[in-house]
Structure formats: structure tokens, C-alpha cells
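Here's the structure, in C-alpha cells; my notes come after.
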Amino acid sequence: MLQVSELESGYGPMQVLWKPSIRVRKGTITSLLGPNGVGKSTFLMTVFGSVTPWSGKIIYEGEEVTHLPTHIKVDKGLTLVPEGKHLFGGMTVYENLMMGAYLKRAQQYREESLELVYSLFPRLKERGKQLAGSLSGGEQQMVTVARALMSKPKMIMLDEPSQGLAPLLVQHVFETIQKMKAQVGLTILLVEQNADASLAATDYVYVMHEGRIKAEGTPEDIKSSDEIREAYLGL
Amino acid sequence: MLLEQLAGNLFQGLVLGAVYGMATMGLSLIFGVLRIVNVGHGAFIMVGAFVTLWLFTALGISPLVAVPVAFVVGLGLGFIFYYTAIKKLIKAPELASLLATFSIGILLEEVIKLIFGSEFRGYNWALPKIDLGVTVLPLSKLYACIGSIIIALILYLWFNKTRAGTAMRSVVEDTEGAKVCGVNVDRVYANSFAIGIGLTLASGVLLTMFIPVGINPYMGGSYTLKAFVIAVLGGLTSPYGAFFGGLVFGLIENGSYTLFALIPGVEPFALTRFLSFLMLLVILLIRPTGILKGK
Ligand SMILES: Nc1ncnc2c1ncn2[C@@H]1O[C@H](COP(=O)(O)OP(=O)(O)O)[C@@H](O)[C@H]1O
Ligand SMILES: [Mg+2]
């Protein structure tokens, strides 16, 4: 579904990514783990295109998309739920969801997508008329995920969706991600610091350190390697 | 007697304030979407005023028709300046865009001076005055006020009912969020800058109806200052906030003029300008996000 090879990027003169390569298979949940500041968010943003790639290759559904602008990628079904709450605080929850279906392709499926989103997050239906900025942290996180689903994606990249949430909500987030894979058939690339919870929910794992991929394997591989767990995941 | 005069002046303040508000919407739109302060704002107002003058004196075209013409000229100028200068500066440090818009302002002033000269020039749009009870108002000022309200309403509908307008609103709210929804942010930047400049030129047309001494290429500076005060009053990023900021500013300017005129030995006009500066400073100190829309 997605194949990234030897990606390099950074900010100004500072290089953050040092040629990491990953592959995400269709219909799977792949996670990218690693401690704070190693370049996980930069990786997702570079794949999405909000950070410009310096070199390397990004292939999505068999097509090279390395330098395509973000709105074209969203139209092709590849979207990102960025780290932090990048929702439209001055708009209502419903307006936020409608913005998710902004592109013509997504607009066609608006009612269908809305039904799906409300079945995953019934809370958002009740909160429809409320300003998104006035919601609780957990609810705001739901809005950003729901908004991404409204764009009728084939693949979603999630950047720390459980960040700052209470344990019960974290569990709900991971359940929802599982549902997105099983019921909707989405392909998911998940970035997390919460290694324990994501190892339990994932099909394949990459471990990033200082902008490089240091290890990869099934969750079992990673869990059974004391070396990886101690050196990179702090478990 | 004094109260009557004050009521009359306040009414005139509201009429002028609506036009001031409209004349600030472009500044707020550009700041809200691109996070760029257009220091050349007043120069674009001046160009709008000269479009009016030229259409009227050379071709005999009514200032009311000049409003859409100036808007279209502004759109054109906006796109030209966006693609030649502004586009590259959006992600640069603020100083770069400040200097760029400042230079564009000077460029416009000098070009207009080359064409029209630097003396004050006026045009005579002979319209009757009407008696509204509280005050007597030239019909031209009433038209300017109504025109401003109509333009503000159109902008409101554009923002809330059209796809392109909603896209702009989403960029104002959160640029990253807009990107992941599939909004073409680069295009929104270009359109917003062009529309912002278009609105500003159109406001220059309406403002000529309030300038009895005539216009000249260097008239823009005081409007830049007023627009900053109004934009800050209205919360900087919201064009409607700016519109209401304009109403408040018009009231304060005209109300204070009446009161300053009572003080013997002072020149009230100079004091109102001092008051604008003072307001800007005080607001920025207490409530940098604006008075009307707090966040
Ligand atoms: N917008 C930015 N400008 C400059 N440096 C940044 C920016 N965002 C992140 N960085 C730097 O890039 C490095 C990687 O950050 P990030 O990708 O956010 O890591 P992670 O998501 O793994 O915590 C860090 O050193 C961080 O300070
Ligand atoms: Mg991060």
C-alpha cells in the first residue's frame, strides 16, 4: 500500500530523517515506535507532504507520490491525523466533520461517512452543534480522527492519537483503531510512544531512533528481543 | 444643544465607521489567512481612491460603478504581488513580509505620483444632502455606508455558504487541519491575498466620499494607522470583527472630536489622531487578542 525508501528531510539546515525506509501492507496496522524527538512526526509529515522531502521515494498504491501536494494525496485517499489537536476550534463539531468531506470525491459519500463516524463515535452526534474548541481533550481527539474518516480515506496515518488521554480513553482509542481496520478495511500507520498498548494492537512494528529505523518485526519479535526493548523502547 | 450636536456627530461616526470597518476587512483577511501584516494597506486604499478619481474625471463614470472596478483592479494587483513577492515570504521571518509590504506601499505611492502628481486633487460628485433628523448627511456618504454594509454581508455569505469561503475559514482556524482535509492551502493563500487587496481598493472608493480636502498619493499613512487600531479592536483575524471594530472606532473618533472641540485652544482633529495611537497602545497592552472577540 505504502512504500517509503530512504527518506530524508528536516527543518531549515537541520536534518531530522536519515534515510528511514518502511513498508505498510494493505489492510494492516503498522506502527512506528520510538521515544520523544526521534523524528516520528517529521516522518509522517514528510510522507504526507506538509514537510518537504529532500530525497528518497514515496510510493502509494503503486504510484510515486513523493512530491505531490497534500491536497492531491488526500484526494487519493491518503490522510494524516496530525499530532496535537489541529481541529477548527471556532467551528461546530458538525462543521468540522463537513470540512473533512471537503473534497468533491469525499462529498459524494458524505451521508455514508457520517453514519460510519457516528457509529464509531456516538458522542459526536450529541455534540454536533457545540463548538469543537469547547470539547474535552478526548472528544477533541475523536473529532480529529472522525474528520479524517470523513475524507473517505484508504489509508490513515495517526500521530499519537492517545497522547494526553486517561487510560480508559486510551483503550477506547486502540479499540477504535482496530475497528477502523476490521470494519472499514482501512490501512493504518500508527505513531505511538505508548509502546505497550500499540504492540498489542499492531500487525507490524518499526522502531525509530535518531531519524533512522533501528529495528523491525512482528510485535512478538519486538517483545521477545530484550535488546530492542531496553535500548529503544524503555520497556 | 450640545447633546443634539453629539448625537448628530455620533450618527455621522456610525456612517463613517461602517466604511472604516469595511476598509479594514482586507487587512484582517490577509492577516487571518497568511499571518502577514500588510503595512502597505493605506497605499492600496489610496490606489482605490485614484481609480475613483480617474474614472470620474476622465470618463465620467459614477463612483458607485468604481467600487466593483476597483475591486477587480485590486484582485489583479493582489495576484501580481502575491506571486512575485508574498508567496516566498509566508514562511520567512516576519521582518521579511513587513519590509516587502512596506516597499510595495512606497512603490504604489511613487507610481501614482508619476501619473497624477503629488498635489491634492478632488472630484465633484454633486449629490443632494438629505435631512435625517439627527443630522444632515450628503447622499454620497449614505451610499458609501450602505455600500460598506452590503459588501460586509456579501463577504459573510461568501465565508459561510461557499466552498471557497469555507476553505479560507478553515485555514484561518488551523492550517494543518485544513491540509489534512484536502484544502489546497497555497491556492487559499493566493485567493485570500487577492480578495483582501480587492476589498481594500474598493474601500478606497468609498472613503473618497469622506475626504473634503481631496486625495493625494501620500494619503494612505493615516488609514494604515486607523486600520491597525480597528483590526486590533476587532480581534485581528476576523473580517467581521474588523467591521464592528470600525463602527466602534467611528463612534469614538467623532464623539471625541465633539468633546475635544469644547476644550479651548486645542486643535480637535490632531487630538483624535493622538487618541487612535493611545487606543492602539492601550489595547495591545491589556488585550492583545482584541476587544470584541476574546480567545
Ligand atoms: N517545526 C519544527 N522546526 C524545527 N525543528 C523541529 C520542528 N518540529 C520538530 N523539530 C525537531 O525535529 C526533531 C524531531 O521531532 P519530531 O519529528 O516531532 O519527533 P517525534 O515525533 O518522534 O517526537 C526534534 O529534534 C525536534 O526538535
Ligand atoms: Mg511527535
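Just so you know, all these numbers are worked out from the coordinates, no wet-lab data involved. Bear in mind the structure is a predicted one, so any value in this text is a computation, not a measurement. Cβ placement follows ideal geometry from the backbone for every residue including glycine, while neighbour counts extend to all protein chains displayed.
A few notes on this one:
- The distance between label points at residue B:284 and residue B:65 comes to 4.3 nm (points 7 Å beyond Cα on the Cα→Cβ vector).
- Contour minus Cα-Cα distance for residue A:175 and residue A:210 (0.36 nm per residue): 9.6 nm
- A Förster radius of 25 Å combined with the Cβ-Cβ distance from residue B:35 to residue A:36 puts the calculated FRET efficiency at roughly 0.35.
- Gap separating the Cα centres of the range B:141-162 and the range B:55-71, nearest whole Å: 19
- Restricting the range B:26-110 to trypsin sites (Lys or Arg not before Pro) that sit in a DSSP loop and have at most 13 other Cβ atoms within 10 Å of their own Cβ leaves B:91.
- Percent RCO, i.e. relative contact order, over the range A:94-235, from Cα pairs under 8 Å lying at least 6 residues apart: 18
- Within the shell of other residues whose beta carbon sits under 15 angstrom from the beta carbon of residue B:90, the net charge comes to +3, with Lys and Arg scored +1 and Asp and Glu -1.
- Using the Cβ-Cβ distance between residue A:11 and residue B:95 with R0 set to 22 Å, the FRET efficiency from 1/(1 + (r/R0)^6) comes to roughly 0.70.
- Computed E for residue B:263/residue B:150 - FRET, C-beta separation, R0 30 angstrom, nearest 0.05: 0.20
- Long-range amide H partners of residue A:190 with built H, under 5 Å: A:30, A:31, A:32, A:158
- Amide N proximity, the range A:186-225 versus residue A:231 label position 7 Å along Cα-to-Cβ, cut-off under 17 Å: A:205-218, A:221-225
- Length released on extending from residue A:166 to residue A:129, taking residue separation times 0.36 nm less the Cα-Cα span: 10.8 nm
- Among beta bridges identified by DSSP and lying wholly in the protein assembly as shown, the antiparallel ones come to about 55 percent.
- Among residues other than residue B:280 with Cβ under 15 Å from its Cβ, the summed charge is +2 (Lys and Arg +1, Asp and Glu -1).
- Distance (nanometres) between label positions extended 7 Å along Cα→Cβ at residue B:123 and residue A:64: 5.6
- Shape class of the range B:1-97 from the alpha-carbon gyration tensor: oblate, with a/c at 1.5 or above and b/c at least as large as a/b.
- Once C-alpha pairs closer than 8 Å and six or more residues apart are averaged by separation and normalised to the residue number of chain B, the relative contact order reads 38 percent.
- Structural descriptor for the range A:20-155: relative contact order 26 percent, calculated from alpha carbon pairs under 8 angstrom and at least 6 residues apart.
- The protection proxy used here, the mean number of other Cβ atoms lying within 10 Å of each residue, ranks peptides A:162-174, B:113-125, B:61-73 as follows, highest first: B:61-73, A:162-174, B:113-125.
- Inter-centroid distance (Cα atoms) of the range B:202-251 relative to the range A:30-93, Å: 41
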